[in-house]
């Protein structure tokens, strides 16, 4: 539908142009993070009890860490480009970065996408209803609940959920992934989506209120259109503009994992690996996940731009 | 009515009141809300084919009055008789049936068009809503006709509002209002955002259309010379009250109410010498707050002729003969 509206050609050009810009962006991201990581003192094999110098030198030689940084970077890039190999993990022996992403990313993606969809549906409906019935009890309720949900951090909410549903009620398992059983998904999804849902609800409400007061909505009323038509045909799309620009980064945030969710619920998503790789100086894992996150950010910003053009004809791709 | 042969009025408004409940700044939740009497007991009639101009300062209730007639804001009291039905008391469904007979056009022409719809869609929408049985082909045909009538070329039909100039946008707005063949169009300051040359275009278009289609117009403006040009009769509003209703010529030649007099003396004359030597009747003080209007005659605080009676008793709108109705104790 989007492509049809934008005339296939223009759309294709736009995507091509964006990819052309994305590649240098990714290269800069790669070089900068590689360099920053390496310049920080310490390394993957420094620990409180230092290894004998000879052993350390051997290990570093094995992973190529004794090479100058530009050589390491070059080998790393060559590995990615020629074999799609993001290197070995220094911390988890015998596992490559690809293995770790292949294991963790589907988990994160599952609860991330569910959280995202839930946040949009609940947040969107709540925000719209609050705006349409402004200053009613429903509106006050929605505003109150969303403020509460926004200020409640998920590292507080997650233990409370476990306390209620696992320890008191005994309905849900307190953690683990278990191949993505729905019992294991519920609490991570609630903990992850609540604050996003609240933000979406508040954004939708305020932009809907603004749109409902605009002149062209007054015109729509003067035409004698039914309220439903006014809201869904005239008000909804413009009201979604600010929401959509929020959704791109929000989606990336949700599907690239949350350390807190993975740590508290033991779900084993990439959020956990990401933070641990930073603590462990697990260079390759960190780099791999950074590139994944960077590419997704670029991709979804592009999706947001395309949606923008679909909603607002004044925007030219 | 004096002349029994004249056709019945299309629209008959009696004692229309629109009050808003306003929360004072910093008020506690339990303090009662203030009442803003935006329109406070307005009576008038609109004949078929007639243009009624409504003039008054900003905030005097012109737009609110128009919207209350269309039921876009709820009225507190009064009746709005339209072809035998009281628009204020009929059901929503009956009201919807009447909506195709009355349309509105607005001040800011570009902002009044949905920026995300093509002008073809904008103009077709009222038609599809009010005549759901029309075939797509008939809708398209009618949209083309009406856009053609207001001077928008058929090849522009798939363009978006921002691709048009202000005057073109207002003509699209007029086409949008005309497409359902209404009996009345309420024009809420339709030209105040336009250049003078474009103003003339739009007003002449409205007058031509009125003649062709036998439309009645309610023309709200604060530019008195524009109102004089287009209106058959003019109604002067002040703080939600009618000060005077009279034939357009009569009003400008011999204003009946001191407020009308002041308004007319402020109209610039397009002749520098005459303009320099003319006497403008300046009003003292500011417009009183509609939250707390003066007792008696609402105009008395700024009226150069105010007497004791003006503070005590609210003057009724009374006929002075030759169709001039004035609400003033002194005249």
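The values are calculated or read from the model by the stated rules, or taken from the named source; none is laboratory data. If you're wondering where the values come from, they're calculated on a predicted model, not measured in any experiment. With ideal geometry, Cβ positions are generated from the backbone for all residues, glycine too; neighbour counts draw on all protein chains shown.
Scanning the stretch A:210-225 for residues that are assigned to a helix (DSSP H, G or I) and either without any contact (Cβ under 8 Å) to a residue 12 or more places away in the chain or surrounded by fewer than 17 Cβ atoms within 10 Å (Cβ to Cβ) (or both) gives A:210, A:215, A:218, A:219, A:221, A:222, A:223. From the list B:28, B:81, B:95, B:72, the one residue that fits, being within 14 Å of chain A (Cβ to nearest Cβ), within 28 Å of residue B:290 (Cα to Cα) and either part of a strand (DSSP E or B) or without any contact (Cβ under 8 Å) to a residue 40 or more places away in the chain (or both), is B:72. Taken over the stretch B:100-117, residues that are touching a helix residue (DSSP H, G or I) at 6+ places or on another chain (Cβ under 7 Å) and either closer than 16 Å to residue B:185 by Cα or more than 9 Å from chain A (Cβ to nearest Cβ) (or both) amount to 7. Quick one: is residue A:172 assigned to a loop (DSSP other than H, G, I, E, B) and buried (at least 20 other Cβ atoms within 10 Å of the Cβ)? No: the conditions fail for residue A:172. Return yes or no: is residue A:252 part of a helix (DSSP H, G or I), in contact with a helix residue (DSSP H, G or I) (Cβ under 9 Å, 6 or more places away or on another chain), modelled with pLDDT of 90 or more and away from chain B (no Cβ under 13 Å)? Here the answer is no, as residue A:252 does not meet what is asked.
Residues in the stretch B:236-256 that are touching a residue at least 40 places away in the same chain (Cβ under 8 Å) and touching a helix residue (DSSP H, G or I) at 6+ places or on another chain (Cβ under 9 Å): B:236, B:237, B:238, B:240, B:243, B:244, B:245, B:246, B:248, B:251, B:256.
Just one residue in the set A:153, A:88 is in contact with a strand residue (DSSP E or B) (Cβ under 7 Å, 6 or more places away or on another chain) and either over 29 Å from residue A:211 (Cα atoms) or exposed (fewer than 14 other Cβ atoms within 10 Å of the Cβ) (or both); that residue is A:88. Give the residues of the stretch B:280-331 that are in a loop (DSSP other than H, G, I, E, B), touching a helix residue (DSSP H, G or I) at 6+ places or on another chain (Cβ under 7 Å) and under 26 Å from residue B:20 (Cα atoms), sorted by residue number. Listed by number, the residues that qualify are B:285, B:288, B:294, B:295, B:296, B:297, B:299.
Considering the conditions (1) surrounded by 18 or more Cβ atoms within 10 Å (Cβ to Cβ); (2) under 21 Å from residue B:61 (Cβ atoms); (3) under 25 Å from the mean Cα position of the chain (by Cα), residue B:310 is excluded by exactly one of them, (3). Scan the stretch A:56-64 and give yes if some residue there is under 30 Å from the mean Cα position of the chain (by Cα) and part of a loop (DSSP other than H, G, I, E, B), otherwise no. Within the stretch A:56-64, not a single residue is under 30 Å from the mean Cα position of the chain (by Cα) and part of a loop (DSSP other than H, G, I, E, B). Residues in the stretch B:50-60 that are modelled with pLDDT under 90 and crowded, with 22+ Cβ neighbours inside 10 Å: B:56, B:60.
Examine the stretch B:196-208 for a residue that is touching a helix residue (DSSP H, G or I) at 6+ places or on another chain (Cβ under 7 Å), within 14 Å of chain A (Cβ to nearest Cβ) and surrounded by fewer than 20 Cβ atoms within 10 Å (Cβ to Cβ), and state whether such a residue exists. Within the stretch B:196-208, none of the residues are touching a helix residue (DSSP H, G or I) at 6+ places or on another chain (Cβ under 7 Å), within 14 Å of chain A (Cβ to nearest Cβ) and surrounded by fewer than 20 Cβ atoms within 10 Å (Cβ to Cβ). Per this entry, residue A:189 is counted among residues that are away from chain B (no Cβ under 13 Å) and in contact with a helix residue (DSSP H, G or I) (Cβ under 7 Å, 6 or more places away or on another chain).
Every residue, every condition in (1) at pLDDT 85 or above; (2) touching a helix residue (DSSP H, G or I) at 6+ places or on another chain (Cβ under 7 Å); (3) in the same structural domain as residue A:130 (by TED's automatic domain parsing), yes or no:
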site: A:209; (1), (2), (3): yes, yes, yes
site: A:219; (1), (2), (3): yes, no, yes
site: A:227; (1), (2), (3): yes, no, yes
site: A:231; (1), (2), (3): yes, yes, yes
site: A:242; (1), (2), (3): yes, yes, yes
site: A:288; (1), (2), (3): yes, yes, no
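Checked across the stretch A:135-145, the condition of being closer than 21 Å to residue A:235 by Cβ, out of contact with any strand residue (DSSP E or B) (no Cβ under 9 Å at 6 or more places or on another chain) and modelled with pLDDT under 90 holds for at least one residue.
One residue stands out among those in the stretch A:226-249 that are over 15 Å from residue A:196 (Cβ atoms) and touching a residue at least 24 places away in the same chain (Cβ under 8 Å): the one that is farthest from the other protein chains (Cβ to nearest Cβ), which is A:231. Based on this model, can you work out whether residue A:308 counts as in contact (Cβ under 8 Å) with a residue 12 or more places away in the chain, in a helix (DSSP H, G or I) and either under 26 Å from residue A:73 (Cβ atoms) or not assigned by TED's automatic domain parsing to the domain that holds residue A:22 (or both)? Taking the combined requirement at face value, the residue does not satisfy it.
Of the helices (runs of 4 or more DSSP H) lying entirely inside the stretch B:118-185, those carrying at least 3 residues that are within 13 Å of chain A (Cβ to nearest Cβ) and within 24 Å of the chain's Cα centre (by Cα) are B:119-130, B:166-178.
With respect to the stated conditions, residue B:109 is closer than 30 Å to residue B:167 by Cα and crowded, with 20+ Cβ neighbours inside 10 Å.
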